[in-house]
Amino acid sequence: MAVVDREGLVVTANASLSTLLGARAGTLPGKNAADLVDLASDARTWHAYREVLRGRQARLRFTRRLKHPDGHSLWVQVTVAPLSPQEPAVLLSVTDISARRELQARLRHLQMHDPVTRLPNRALFFERLSAALEAEAYEEGGTGRIGLCYLDLDGFKAVNDTLGHRVGDRLLAAVAERLTRCADEAGYTRAATPLVARLGGDEFALLVEDSTGTDQVADLAESVLKALQAPFDLSGQRLSLSASIGVVERRATGTTATGLMQAADTTLYWAKADGKGRWTLFDPERNAHRMTRQALSSTLRAAVDRGEFALEYQPLVGMEDGGVRGVEALVRWHHPQFGTLTPNRFIGLAEEDGSIVQLGRWVLATACRQARRWQLDHPDAPPIFVSVNVAVRQVWDSDLVADVAEILAETGLAPHLLQLELTESAVMGSAGRPLQALQSLSDMGVRIAIDDFGTGYSNLAYLSRLPVSVLKLDGSFVRGFQYEAPDGGAQGGEGSAAQAGAADEVIVEALIQLAHRLGLTVTAECVETASQASRLRGIGCDTGQGWLYSRPVAPDRISALLTKACAQA
Ligand code: C2E
Ligand code: MG
Ligand code: MG
């Protein structure tokens, strides 16, 4: 400690202060106190010190790194405070806090480094990443870009499990060494060496600040893969290893640490999925696809409540007279963000997460209400039926029979004006509850149709034993009908499309005859041309559906069709 007068000169000092500062005993009085503790080196401290000396500020405390005359440096904490309100002097106390500082630094190093590989750990990596993003985004002179290689060892778990954690640890340390060498080599040609960190387990990261572009980071990933190719010699054990790397490179502005890590994580997953032992570059489009799937499935349930779904109806037309017999209800999702989505985008997801049950019930109720509406609005037209697609899960996970009965009662629609479409795979092998459900629905008078027939087992003999009354021939059959049959049947050019079409026609004709013998009616899907229609009619197809007649349309367009049908009748 020292007493300092209002001019800032030392009046007296104790022996400890002399020892601490390395001054000879008795030489401190008369010296400028500010010089002893490097007080003037920053303006704010200097100003505060002057205020304390003038009695305008109560006290001041700061820490300083001082150079001892014998060469070593020490950290001190300095306090300056008035001796007493009356006394025209201040007390300067200096405490050596070097040991504490060193302990703190050691603790920090331990906290921030991984003991196995001695690399920076996850915590330090994120600290450096965040700092780098900030610096890149705001500092001039840099490239403003950042790059990351996110690496995961292939099959490391097997090494750990079969050879033990000791060998596993040694392998990790050896990998760390090779990664560090790659980073150092990359650093020769650049201003800064990439940071290598162990993020946990067998995951490592190489951070490229001021990256010049994708090529640079990809080159680094390539060199890492090469470096890991040579077998590892671990005290007698020779081990071979490969790694998968996700590479992300982008502008720092607008990039967050978590955003970058998520992208890296996804990319690493692709590298693994694409066959391991490789690096993969982040692909925004591939990511968007994944994001949309995720975004869709997370909002699906709520979307039913919010009324974002709507039905379109596609006419089912009698082949003989071209009259509308019924319509198929096809669901659409008017998504606030992605626009109108067709069922192929979301029905699968809805089946996965179970929301198909709720959505399916809505479709059924809406379609039945609409069919009844048409009937009431067009009493003179022959009533049309509505055909509703039903997913497997609706038969398994909900009480479909009760739902149908309730909806028919509520809407007043006659059961024979409702048709349910199930796929072949949904009814194949059905026994117990699902079969009972089909039987009950059929007993009620509701028709069951097999959708996309021909894409599955096509076991007609089996299907005829189920309560099924309609086959909807898949569009792939009808597509074969687009070429004119060559004169003389199968005598056309060998392997020609026409010949294939002719073969299709023979199969379909046989199929239709068999279906009729078994008491089933047949609808052809995807009828696009008049020639397809005339040939389907020729081989006995009962009804058709497709763009030739109409695309799926809004309910009022069906009303218009019914009005026209009445006028013609
Ligand atoms: P699907 O039941 O086989 O429906 C026929 C699909 O073929 C519809 O596609 C329709 O727009 C399309 N299509 C109709 N005519 C033609 C044509 O002439 N040419 C071509 N190329 N295509 C034609 P969409 O509306 O995209 O429906 C796809 C599938 O989604 C449906 O196939 C059905 O399996 C399913 N789906 C639709 N609505 C529902 C629903 O409410 N519930 C369930 N569970 N599934 C549904
Ligand atoms: Mg269908
Ligand atoms: Mg179909």
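For segment 80-93, indicate whether the set of residues that are exposed (fewer than 12 other Cβ atoms within 10 Å of the Cβ) and in the same structural domain as residue 207 (by TED's automatic domain parsing) is non-empty. Scanning segment 80-93 turns up no residue that is exposed (fewer than 12 other Cβ atoms within 10 Å of the Cβ) and in the same structural domain as residue 207 (by TED's automatic domain parsing). Among the residues here, residue 292 qualifies as over 30 Å from residue 568 (Cα atoms), in a helix (DSSP H, G or I) and touching a residue at least 24 places away in the same chain (Cβ under 8 Å).
The condition of being within 16 Å of ligand 3 (Cβ to nearest atom) and in contact with a helix residue (DSSP H, G or I) (Cβ under 7 Å, 6 or more places away or on another chain) holds for only one of 420, 400, 463, that being 420. Looking at 246, 326, 254, just one residue is touching a Pro at 6+ places or on another chain (Cβ under 8 Å) and of a type in the set (Gly, Ala, Ser), and that residue is 326.
None of 388, 331, 357, 363 is touching a Cys at 6+ places or on another chain (Cβ under 9 Å) and modelled with pLDDT of 90 or more except 388. Whenever a residue of segment 510-526 is under 25 Å from residue 329 (Cα atoms), its partners that are among the basic types (Lys, Arg) and within 16 Å of ligand 1 (Cβ to nearest atom), lying with C-beta atoms within less than 9 angstrom and at least six residues away or across chains, give the pairs 522/472; 523/472; 524/472; 525/472; 526/479.
Go through segment 297-338 and count every residue that is part of a helix (DSSP H, G or I) and β-branched (Val, Ile, Thr).
Counting residues in segment 297-338 that are part of a helix (DSSP H, G or I) and β-branched (Val, Ile, Thr) gives 2.
Could you list, in sequence order, all residues of segment 120-165 that are β-branched (Val, Ile, Thr) and over 26 Å from the mean Cα position of the chain (by Cα)?
143, 159, 162
Considering only residues that are part of a helix (DSSP H, G or I) and charged (D, E, K, R), look in segment 236-282 and name the one that is farthest from the chain's Cα centre (by Cα).
Of segment 236-282, the ones part of a helix (DSSP H, G or I) are 257-273.
Narrowing the set further to residues that are charged (D, E, K, R) leaves 265, 272.
Numbers: 265: 10, 272: 16 Å.
Checked segment 236-282; the qualifying residue farthest from the chain's Cα centre (by Cα) is 272.
Taking the criterion of being surrounded by fewer than 19 Cβ atoms within 10 Å (Cβ to Cβ) and assigned to a helix (DSSP H, G or I), the residues of segment 150-167 that qualify are 156, 157, 158, 160, 161, 162, 163, 165, 166, 167.
Name every residue in segment 537-555 that is over 40 Å from the mean Cα position of the chain (by Cα), within 16 Å of ligand 3 (Cβ to nearest atom) and either surrounded by fewer than 21 Cβ atoms within 10 Å (Cβ to Cβ) or at pLDDT below 95 (or both), in order of residue number. Talk me through it step by step, then tell me what you get.
Going residue by residue through segment 537-555, those that are over 40 Å from the mean Cα position of the chain (by Cα) are 537-544, 549.
Now narrow it down to the ones that are within 16 Å of ligand 3 (Cβ to nearest atom): 541-544, 549.
Matches in segment 537-555: 549 only.
Taking every residue in segment 318-334 that is in the same structural domain as residue 299 (by TED's automatic domain parsing) and closer than 24 Å to residue 303 by Cβ and pairing it with any residue that is outside any strand (DSSP E or B) and acidic (Asp, Glu), at least 6 positions away or on another chain, the pairs with Cβ-Cβ distances below 9 Å are 333/308; 334/308. Selection of segment 94-143 for residues being surrounded by fewer than 16 Cβ atoms within 10 Å (Cβ to Cβ), more than 30 Å from residue 33 (Cβ to Cβ) and of a type in the set (Gly, Ala, Ser) yields 123, 130, 131, 135, 137, 141. Residues of segment 384-425 that are within 14 Å of ligand 2 (Cβ to nearest atom) and among the charged types (D, E, K, R): 421, 424.
Grab the strands (runs of 3 or more DSSP E) fully contained in segment 339-445, keeping just those with 1 or more residues being under 30 Å from residue 564 (Cα atoms) and aliphatic (A, V, I, L, M). Qualifying strands (runs of 3 or more DSSP E): 385-389, 418-423.
Considering only residues in segment 373-408 that are within 16 Å of ligand 1 (Cβ to nearest atom) and of a type in the set (S, T, N, Q), the one that is surrounded by the fewest Cβ atoms within 10 Å (Cβ to Cβ) turns out to be 398. The number of residues in segment 56-67 that are surrounded by 13 or more Cβ atoms within 10 Å (Cβ to Cβ) and in contact (Cβ under 8 Å) with a residue 12 or more places away in the chain comes to 4. Here residue 426 meets the list (1) surrounded by 14 or more Cβ atoms within 10 Å (Cβ to Cβ); (2) under 25 Å from residue 305 (Cα atoms) almost entirely, failing just condition (2).
Reported count of residues in segment 95-132, each being among the basic types (Lys, Arg) and at pLDDT below 90, is 4.
Please work out which residue is nearest to ligand 1 (Cβ to nearest atom), limiting yourself to segment 409-454 and to residues that are among the hydroxyl-bearing types (Ser, Thr, Tyr) and closer than 20 Å to residue 356 by Cα.
So in segment 409-454, the residues among the hydroxyl-bearing types (Ser, Thr, Tyr) come out as 411, 423, 425, 430, 440, 442.
Now narrow it down to the ones that are closer than 20 Å to residue 356 by Cα: 423, 425, 430.
On the way: 423: 7, 425: 12, 430: 16 Å.
Taking the candidates together, the pick is 423.
Residue pairs whose Cβ atoms lie under 8 Å apart, sitting 6 or more positions apart in sequence or on different chains, and linking a residue in segment 446-475 that is under 15 Å from residue 511 (Cα atoms) to a partner that is modelled with pLDDT under 80 and within 12 Å of ligand 3 (Cβ to nearest atom), are 474/455. Please state which one of 285, 320 is away from ligand 3 (no atom under 16 Å from the Cβ), at pLDDT below 95 and under 30 Å from residue 146 (Cα atoms). Exactly one of 285, 320 is away from ligand 3 (no atom under 16 Å from the Cβ), at pLDDT below 95 and under 30 Å from residue 146 (Cα atoms), namely 285. If you filter segment 168-212 down to residues that are of a type in the set (D, E, K, R) and assigned to a loop (DSSP other than H, G, I, E, B), you find that the one that is surrounded by the fewest Cβ atoms within 10 Å (Cβ to Cβ) is 190. Filtered by the rule that a residue be of a type in the set (D, E, K, R) and at pLDDT below 70, segment 443-493 gives 484, 487.
The values are calculated or read from the model by the stated rules, or taken from the named source; none is laboratory data. Nothing here was measured: the structure is a model prediction, and the numbers come from that model. Counting neighbours? That spans all protein chains shown, and the Cβs are built from the backbone with ideal geometry, glycine included.
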